[in-house]
Structure formats: C-alpha cells, structure tokens
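Q: Below you'll find the structure I mean.
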Amino acid sequence: MLTLVKVVGVLIVALGIAILVDPKIFKRFISFWQDEKKLYAGGVLSIVIGLIFITNASLCIKPWIITLMGIIALIKGPVLFLLGPAKVKKIISGYANKPPKTVRALAILYLVFGFLVIWSA
C-alpha cells in the first residue's frame, strides 16, 4: 500500500512536468474536470487519496507530512460536494484563464508537492 502513496507522488510530479513544459496542458486538465460527473468523481478520488495517505502514513519516513496531505485531501473531497457544481466550475474557470507564467508557477507547486510526497514516503 505504501507503493500507492509513491505512485500518487509520481503522478503529481508528472503532471507538474507536463504543465511546466506546455502550460496549455493545464487548461485541458482544468477543462476535463468541468463536467459535473467528473467533478463528483474528483471529489471521490480526493477522499480515496486522503484515505490512502492517512492509512499508510505510519509506514512513511515522514508520517506527519503524509497525514497532513491526507487530511487536506479528505477535506477537499466533501467541500467539492458541498459547494456544488456551479460554484466549483466558477472557481475552476478562474484558473483556466491564467497567464502562462502563473500556470508555470502552479506547475512548480505541483512538483514541490509531488516530490514532497515521494520523499516523505
């Protein structure tokens, strides 16, 4: 199960690299989640990732980091449901129109969080 934590970290890093290389990928990534069913699937996915992180945190090198990220993911999931599709789509749309420099800065954040997960696991 610890491998799942590392896989999530690798996927986050891969997304960060892809966005850093081509900021248009970020817009496509954001657009993907605009559909209501996909939005709810994202909420469920966030809860699942949070549970994976929390249940495996004790096996990690830095359990407090993985636990914290798991808690954040567990909070994010229900928040997506509570806000509702209209409000979440509005928030997402705001990110979709950011300039390339801002998108690359966000990509660096993805890289930092992904490497932090890998390093902590």
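Q: I'd like the residue in segment 101-119 that is surrounded by 12 or more Cβ atoms within 10 Å (Cβ to Cβ) and over 26 Å from V5 (Cβ atoms) and, out of all such residues, is farthest from the chain's Cα centre (by Cα).
A: T102
Q: A further question follows. Does any residue of segment 56-67 turn out to be among the polar types (S, T, N, Q), buried (at least 16 other Cβ atoms within 10 Å of the Cβ) and either assigned to a helix (DSSP H, G or I) or at pLDDT 95 or above (or both)?
A: Yes, segment 56-67 has at least one match.
Q: Just to be sure I understand, how many residues within segment 75-119 are among the β-branched types (V, I, T) and in contact with an Asp or Glu (Cβ under 7 Å, 6 or more places away or on another chain)?
A: Of the residues in that region, 0 qualify.
Q: If you go through segment 68-121 one residue at a time, how many are hydroxyl-bearing (S, T, Y) and either at pLDDT 90 or above or not in a helix (DSSP H, G or I) (or both)?
A: Number satisfying all stated conditions: 3.
Q: Considering only segment 51-66, I want to know if a residue exists there that is without any contact (Cβ under 8 Å) to a residue 24 or more places away in the chain and either among the acidic types (D, E) or touching a Cys at 6+ places or on another chain (Cβ under 8 Å) (or both).
A: No, every residue in segment 51-66 fails to be without any contact (Cβ under 8 Å) to a residue 24 or more places away in the chain and either among the acidic types (D, E) or touching a Cys at 6+ places or on another chain (Cβ under 8 Å) (or both).
Q: Only one of (1) over 24 Å from V117 (Cβ atoms); (2) modelled with pLDDT of 95 or more is not met by L11, so which one is it?
A: All conditions are met except number (1).
Q: Then there's this: Residue by residue through segment 6-25, note down the ones that are β-branched (V, I, T), farther than 14 Å from F53 by Cβ and crowded, with 17+ Cβ neighbours inside 10 Å.
A: Listed by number, the residues that qualify are V13, I19.
Q: Inside segment 23-49, can you point out the residues that are in contact with a helix residue (DSSP H, G or I) (Cβ under 6 Å, 6 or more places away or on another chain) and part of a helix (DSSP H, G or I)?
A: Correct list: I25, F26, K27, I30, E36, L39, G43, S46, I47, I49.
Q: Considering only segment 36-52, I want to know if a residue exists there that is farther than 12 Å from V117 by Cβ, hydroxyl-bearing (S, T, Y) and surrounded by 14 or more Cβ atoms within 10 Å (Cβ to Cβ).
A: yes
Q: Here's something else I'd like to know. So F32 clears everything in (1) surrounded by 13 or more Cβ atoms within 10 Å (Cβ to Cβ); (2) closer than 18 Å to G77 by Cα except one condition, right? Which one?
A: (1)
Q: Output the qualifying pairs, or none if there are none: Cβ atoms under 6 angstrom, residues six or more apart or on different chains, first residue in segment 10-33 and among the charged types (D, E, K, R), second residue in a helix (DSSP H, G or I).
A: K27/A96
Q: Sort through I47, I71 and tell me the only one that's in contact (Cβ under 8 Å) with a residue 24 or more places away in the chain and β-branched (V, I, T).
A: I47
The values are calculated or read from the model by the stated rules, or taken from the named source; none is laboratory data. None of these values were measured; they are calculated from a predicted model. All Cβ positions, even for glycine, are placed from backbone atoms using ideal geometry, and neighbour counts span all protein chains on display.
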